[in-house]
Every structure is written in C-alpha cells, then in structure tokens.
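Read the structure below first, then the notes.
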Amino acid sequence: MEKYFKQFESCRQSEKPFCTDACPFHLDVLDFQEKISRKSYNAAYRTYRNAVAFPDIVAELCPEYCAAKCPRKDLDQSVQLNLLERTCVNKAVKKDPTDYNLPAKKGKIGIIGAGISGLACALRLCSKKFNVTIFEKTDKLGGQLWNLMPQEIFLKDIERQFKHENYTLQLNTSVDDIEQLKDQGFDALYVATGKNGFDFGTLNREKGQCYINGDTGVFAGGSLTGKDPMFALADGLSMAWAIEVWLSTGKLEYPGKRQPSKAVSNQDKLWRLEAVIPTDNGLFTDEEAVEEAARCIRCQCDACKTYCDLCDFFNKWPLQMRDEIMTTVMSSESMIHKTPAIRLINTCTQCGLFEEACPEDIELSDMIKEARKRLHKLNKMPGAYHQFWLRDMAFANSKFAAVKKTAPGEKQCNYAFFPGCHLGAADPEYVIEPYKWLLSKKPQTGLLLRCCSVPADWAGNEALHGEEIQSLREDWQALGEPVLIMACPTCIRNFAEYLPEIQTVSLYEVLEQWKFEQKSVKKTKKIYSVFDPCSARHIDPIQQAVRRLAEQSGVTLEELPKGDQHGCCGYGGHVSIANPKFAEHVAKKRSALSDNLYIAYCINCRDVFKGENKPVVHVLDLLFNINTQESVLPDVTQRRENRVRLKETLLSEIWGEKMESKPEKCKLNIVIRPEIKEKMNTLKLLKEDVCNVVEYSQKSNRRTFDPQKKTYLCYREIGHITCWVEYCQAGDAFEVVNVYSHRMKIELEAVWNGKKTEADL
C-alpha cells in the first residue's frame with residue numbers, strides 16, 4: 001500500500017487553472033465564476049477582494065493576463081474575465097470589509113512608499129493587526145495611480161479597504177537612509193519606492209530583494225523591481241506574507257519564481273461558444289454574466305473525475321480517496337477503528353480507465369485491489385459483498401457445471417475452447433453453437449468449461465484465488481497444454497496477468513481466421529455500435545475482428561463517441577451488491593453513450609444493458625442466430641439451471657455420455673410469485689436459498705405466524721447474510737409472498753416459544 005501512497009505525491013489535483021496561474025493575485029477563478037453563475041455578486045466580490053486587496057482599482061487596470069492562457073483563445077475568444085470582474089464590482093452592494101476584532105500582534109513594520117505596492121502590503125499587515133507606519137515623500141497616497149485612472153475611483157477604494165484599519169501615515173516624509181529609522185524600533189521594512197526609486201541596497205541580492213540589517217528584515221518589491229502596476233500590487237501582498245514569516249521565524253523567505261501550472265484542460269468541454277457582448281453600458285447584465293461565466297471550461301487536472309466513475313459518483317478527489325483508503329486498511333485492534341472507505345473500496349469496477357486518464361499514471365484501481373486483499377487478511381471485508389459471486393464461482397467449477405474434456409476419441413488437444421462461466425449461464429446455445437463450429441473446423445478441439453477465478457481476485461481472497469489459478473493450470477496441463485480459445489475478454493485479461501504461460505486467442509479472431517461463413521445474411525437499416533468491454537480496451541485484434549464479423553452479418557456500424565475510452569458497463573469488480581446505486585449509475589451512463597443498438601462481445605455487458613432496457617445483442621446472436629434483442633434475461637436461479645443444462649447437453653450431443661449427477665432439488669413444493677422472483681434476482685437470492693429457509697422453518701418451527709395475513713415469517717443465516725422468507729401454506733404447497741436479506745447476524749435463542757431448540761437442524 002505504501003508504494004501506491006507515494007504515487008499520489010505527484011497528483012495534480014491542487015494545480016491551479018491556467019487563468020489563476022497567470023493572474024498576479026492567483027485569484028480563485030473557479031470559485032469566483034461559480035458565484036457569478038449564481039448571481040451572488042456580494043460573495044463573488046469578497047472572493048475577488050480577498051485576492052486583490054483593492055477590487056475597484058484592479059478591475060479598472062487589469063490588462064487580463066489570463067486571456068493569453070485561456071484554452072478558448074484559439075477557438076473563439078478567451079473568457080472575458082475582466083469584464084466579469086468589473087460587472088461584479090459594479091453590482092455588489094455589500095462592499096465594506098469586515099471589521100474583525102483581533103488582538104494586536106507583536107511586530108512593528110515600516111512601509112517606505114505609499115504607492116500601489118506599499119499600500120497593498122500595509123493593508124494586508126494592518127488587517128492582521130500589526131503595527132504599521134507608512135512613509136510617503138509626497139503629500140498624497142497612490143503613487144502612479146494618479147497617472148493611470150480617475151482619482152475618485154482609487155481614492156474611494158483605498159479609503160474603503162482601510163476603513164477599519166489602524167496605521168500611521170507620515171506624508172511629506174522622505175526616508176534617505178534606513179539608519180534614520182533604527183531608533184524607531186522597526187522589526188521589518190518594506191521598500192516600495194516605485195520605478196527608479198532608491199532601493200536602500202535591497203536589489204540584486206542572492207536570495208531575493210531582501211536582507212537583514214541588524215535586527216531588522218528589509219524587503220523590496222513593486223515597481224522598484226521592474227514590475228508593472230498589477231504585479232507591483234501583487235508584490236505588496238506577497239511581501240506582507242514574507243514579512244509575517246520573518247517576524248514569526250526570523251528567516252528570510254522571499255517569494256520564489258512560480259512554476260507553470262500543470263493543469264490539464266478537458267478538450268471534451270471545448271466546443272465553439274462565442275463571447276457574450278455586454279449591453280449594460282459596457283458591462284454585463286445578470287443573464288449575460290451567467291452566460292459568459294458558463295463559457296469557462298474550468299481548467300483543472302480533472303481527468304480522474306471526467307473518466308473515472310468512482311470519482312464521479314462519490315464526488316471525491318483522488319487524494320481524499322487515498323487518505324480514506326489508507327485509514328480503512330490500517331491494522332488496528334480497536335473496536336472503534338474507523339473504516340470510512342469500506343464501501344468505496346468495494347465499489348471500484350477495476351476498469352483501469354483512471355490509470356490511463358491520469359497524466360501522472362497514479363494506479364488507483366491497483367491500490368483499491370490491494371486494499372481489498374488487506375481487508376480480507378484483516379478480516380474486515382464484509383463477506384456479504386462477495387459471497388454470491390464466490391458461491392457462483394464454486395458452482396461453475398463444480399461437478400454439476402464444469403467440463404474438462406478432449407475432443408471425442410482424442411487424448412490431448414492443440415486447441416481447447418474456454419467460453420467462461422457466464423456465457424453458457426446466459427444461454428447454453430452461446431457455448432454449444434460455437435463449440436460445434438470449432439469442432440467442424442478442427443475436430444481435435446477440446447473443451448474447458450469453468451470459471452477463470454476472477455471473482456476470488458475481485459474479492460481480495462488471495463488464498464482462494466491462488467488455489468483456483470493452480471487448478472486452472474492443472475486442468476490446462478491435463479488437456480495437453482493447448483491454446484485456449486476464449487470467448488470472454490475478462491478471462492483473457494485474467495489469464496494474461498496470472499497464467500502468462502498459457503497461450504490464448506479470442507474466439508472472435510478464430511472465427512475470422514478459420515473462415516466463419518454465416519448461413520444466411522440479413523441486411524438491416526438499423527445502425528449498431530460495438531461496445532468494447534473495459535477488459536478489451538486497446539486490444540485492437542479482438543476489437544477489429546468483432547467489427548468485421550458484425551459487418552459480415554449484414555449490420556451497419558457507427559463508432560461510439562469515445563471509442564473504447566468509456567469505462568466499465570457496471571459489472572466489473574462485482575460492485576452491484578456492495579453498491580447497487582453505483583452499478584445502476586454506471587450502467588445508465590454507458591447506455592446513454594449512443595441511441596444506436598449495441599453489439600456486445602462480453603456477455604456481462606450484454607446482460608447489464610438488457611437490464612437497463614438498452615437495445616443490445618451479443619455478436620454471437622448475429623453470427624449464430626441465437627437470440628433477439630427482445631429475449632428475456634434469465635434470473636440468478638435460471639443461470640444455474642442453464643449451466644447444468646449446458647453440461648448435460650454437451651455430454652450428450654458431443655461425447656454421447658449421460659450426466660451422472662445433478663444438484664439436489666428442493667424437497668418442498670415451493671411456489672414463488674413473479675414479482676418475488678424479480679426481487680430475489682436483485683438481492684442475488686437463489687431459489688435454493690429460499691427452500692433452505694422454508695425447510696429449516698418447517699423442521700425447527702422457528703417461525704412467527706401472522707393471523708391476519710395467514711403467513712409465516714422465518715429466517716436462516718446463509719453464509720454472511722441472514723435471509724428472511726414470508727410464506728403461506730396451502731396443502732403441500734408453500735407460496736412465497738416476500739423475501740429480504742441483511743448482513744446482521746441474529747444470536748439464536750436457546751428457547752423458542754417455550755421449547756428448547758437446536759440451532760443446527
């Protein structure tokens with residue numbers, strides 16, 4: 001985990017937008033424009049004043065340094081930030097500064113020069129309640145401002161901003177030598193004597209325009225150092241900070257040269273949007289201000305929030321997620337140890353798009369995967385989050401569903417079909433038809449039907465995953481180490497990571513290479529888009545093979561807007577139990593990428609989209625005429641039944657064998673209403689789970705009876721969940737009227753209805 005933690009040191013989350021970076025005052029443009037968008041001019045004015053000190057002066061004089069850095073400058077026109085600032089200054093009605101009742105601070109500061117830079121430094125230090133004295137050789141404040149703008153504007157602004165501040169002003173006072181100020185006990189001096197002014201030996205110093213004179217820190221800035229009016233004003237604010245550091249630490253910390261922003265503008269937001277023309281005497285109306293502010297694409301390094309569903313859904317930046325993850329996986333014996341990221345850790349789809357989008361290559365999904373392993377080792381992983389998938393994997397690898405066989409009459413094989421465990425669960429024909437075709441081309445092709453072990457990997461169970469990987473390796477070796485023809489892109493990725501010694505090739509490449517010919521081709525006017533699963537991202541041979549096969553079947557294709565850079569369908573990482581709202585959120589986002597019909601070549605993608613009523617077909621539907629887009633999805637119980645039926649059919653039709661054993665059926669006559677079946681599917685409850693609970697209820701009499709509804713209510717723990725069933729009994733039939741489950745455990749009572757009971761029956 002420490003390796004991943006260190007990667008975040010390069011995170012650009014705090015990088016300033018280009019406009020803020022170009023601004024001498026580092027104005028928080030995003031916050032300012034957000035307030036303008038809400039027409040909150042008083043709040044926007046406070047943001048502006050806090051940054052620039054003298055808002056009326058800056059709004060009048062600023063030459064818009066930001067315009068040269070705005071990404072819009074080459075497309076239409078830079079965002080007119082100065083016009084927004086002037087509009088804000090004009091429309092704000094609460095412009096007086098807040099009068100803070102703060103205690104006086106130790107430290108006496110002298111400001112030499114009452115120009116724009118000296119006044120800015122004085123204002124900032126006065127507001128912190130330092131003892132400030134301003135020396136001005138002329139008889140008026142403002143310096144070069146008298147030559148730059150109307151005096152009524154800047155004098156009023158200066159008066160307003162100093163309204164609640166106490167300071168000493170000495171006009172007509174020329175300071176020719178710092179020595180003449182020594183007896184006044186100044187702890188720091190700021191030399192702001194303007195262009196070509198006397199520098200008192202501050203310029204051309206090794207560590208900036210500052211030095212120590214006895215016990216006094218002497219600083220210089222503003223136009224004296226060659227800066228224009230706005231940078232001179234900003235220099236005064238920066239020198240106030242440097243003086244504060246000097247007074248508190250005794251060290252000279254002259255502000256260094258700023259590094260250019262490493263923010264990344266989101267080009268997806270950059271479309272032509274002409275600049276708004278102001279109609280209110282050169283300023284914006286309320287509506288115009290909102291419209292102009294909306295032209296800003298809010299430059300940040302926000303690729304994570306743009307591309308990563310996890311950041312988007314939780315509305316969290318990576319650094320916050322990192323800290324919460326690290327807190328969650330810390331080893332602690334305390335019962336009150338905080339685990340703020342348990343659900344977040346189990347919500348990541350492991351699509352890997354965060355890493356590709358991040359300019360610093362931070363591996364968030366790998367960190368989350370490692371966090372799942374840590375949680376499992378620390379016994380903090382909520383078992384209910386992954387229980388269904390691990391049980392499903394165990395069933396797929398059981399004697400009821402798994403097949404490991406060479407072709408009829410063969411002892412070994414050069415090729416073996418590995419369809420994955422979900423393809424046949426969705427519809428046995430998805431496995432039967434391609435396998436028969438493979439045998440027609442190469443009769444020695446074997447079959448390895450089982451799970452690829454990814455559920456254990458996603459659950460963070462390293463021990464179980466290691467066992468499954470070894471079992472896969474042994475099965476492959478028993479078949480003669482063939483090339484595996486794989487239908488599932490997730491299986492391909494999992495094998496590449498954990499079983500690199502096994503050569504794999506996608507079914508779709510093989511269909512093309514072995515000259516698949518469709519029996520009948522029906523041209524259609526409908527436009528389709530291929531949805532590439534996240535596990536096939538950048539695997540061009542698979543992507544192109546699917547597209548060529550689809551076109552061969554007679555459909556017209558149109559690419560999705562982001563190609564394969566669109567993230568997971570919502571299935572990856574098995575997040576639907578840990579966070580069903582997130583899974584739904586992601587599925588809806590992917591469904592909305594295009595109005596076209598989708599072609600999927602990952603069965604999980606197809607099932608997710610069908611669940612969202614998004615028109616979709618599997619590419620095998622087109623090639624082997626298996627299903628239509630109107631076909632109904634099987635529920636979790638039917639998927640198990642499909643696996644059993646698939647094995648039985650394969651043994652019978654390919655090898656002429658009879659299936660020796662099948663899963664035990666429920667001993668009771670259980671009747672489940674359609675709406676309850678739908679609920680069970682959502683909760684990932686199998687019919688056998690319901691049977692288990694009802695059988696236990698009947699055997700133990702641990703149940704309650706509702707005389708009004710005439711129903712029984714009972715429960716039983718199934719692994720990490722407690723399953724409740726409400727049912728009514730009519731003769732030998734048990735009709736289920738409701739089910740639900742939760743992660744709480746119920747300590748079994750020693751006595752139930754006055755009778756001693758055994759917990760285990």
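We did not get these values from a lab; they are worked out from the coordinates using the rules stated. A quick note: this is a predicted structure, and the numbers were derived from the prediction, not measured. Because the Cβ atoms are built from the backbone with ideal geometry, glycine has one as well, and the counts that use them run over all protein chains shown.
Taking only the alpha-carbon positions of the range 669-756 and ignoring solvent, what does the Debye formula give for the base-10 log of I(q)/I(0) at q = 0.24, 0.26 Å⁻¹? Cα-only, vacuum Debye calculation for the range 669-756: -1.31, -1.46. Counting other beta carbons within 10 Å of each residue's own, what order do D96, D235, D366, D76 fall into, fewest first? The fewest-first ordering by Cβ neighbours comes to D96, D76, D366, D235. The label-point distance for S248 and D99, in a model that sets each label 7 Å from Cα toward Cβ, rounds to 2.7 nm. Kirkwood hydrodynamic radius of the range 401-466, from the reciprocal of the average inverse Cα-Cα distance over all distinct pairs: 13.0 Å. Counting only the Cα atoms, the range 1-83 fills a convex hull of 139 Å³ per residue. Size of the range 352-420 from its Cα atoms: along the principal axes, largest to smallest, the extents are 54, 33, 16 Å. Principal axis extents of the C-alpha atoms in the range 303-382 (largest first, rounded to whole Å): 38, 20, 20. Across the range 106-257, the mean sequence separation of Cα contacts (distance under 8 Å, 6 or more residues apart), normalised by length, yields a relative contact order of 28 percent. As an equivalent ellipsoid, the range 527-624 spans semi-axes of 22, 13, 12 angstrom, where each value is the square root of five times an eigenvalue of the C-alpha gyration tensor, largest first. Each of V175, V693 was scored by other Cβ atoms within 10 Å of its Cβ. Listed from fewest to most, they are V175, V693.
By the compact-protein rule of thumb, 2.2 N^0.38 Å, the alpha-carbon radius of gyration of the chain corresponds to a ratio of 1.31. The distance separating the Cα centre of the range 374-433 from that of the range 86-130 comes to 71 Å. Of all beta bridges that DSSP places with both ends in the chain, some 45 percent have antiparallel geometry. Its alpha carbons considered, the range 108-249 gives a radius of gyration followed by a Dmax of 13.8, 42 Å. Taking label points 7 Å from Cα along the Cα-to-Cβ direction, K195 and V290 give a separation of 4.3 nm. For the range 389-541, the fraction of C-alpha pairs more than 22 angstrom apart is 43%.
Between the Cα long axis of helix 540-552 and the first principal axis of the chain there is an angle of about 60°, rounded to the nearest 10. The lysine pair tally for the range 669-756, using Cα distances under 14 Å and a gap of 8 or more places or different chains, is 4.
Reported to the nearest whole Å, the Cα centre-to-centre distance from the range 260-313 to the range 516-547 is 37. Once both labels are positioned 7 Å from their Cα atoms along Cα-to-Cβ, the gap between F5 and S471 label points is 3.6 nm. Applied to the range 469-481, the Karplus parametrisation 6.51 cos²θ - 1.76 cosθ + 1.60 on θ = phi - 60° returns per-residue 3J(HN,Hα) values of 5, 5, 5, 4, 4, 5, 4, 5, 5, 5, 7, x, 6 Hz, with x for Gly and Pro.
Exposed loop sites here are GluC sites (Glu not before Pro) assigned a DSSP state other than H, G, I, E or B and surrounded by at most 13 other beta carbons within 10 Å; excluding them, the longest clear run of the chain is 1-205.
Annotation: the residues C728, C66, sorted from fewest to most other C-beta atoms within 10 Å of their own C-beta, follow the order C728, C66. Dividing the C-alpha radius of gyration of the range 577-683 by 2.2 N^0.38 Å, with N its residue count, gives 1.32.
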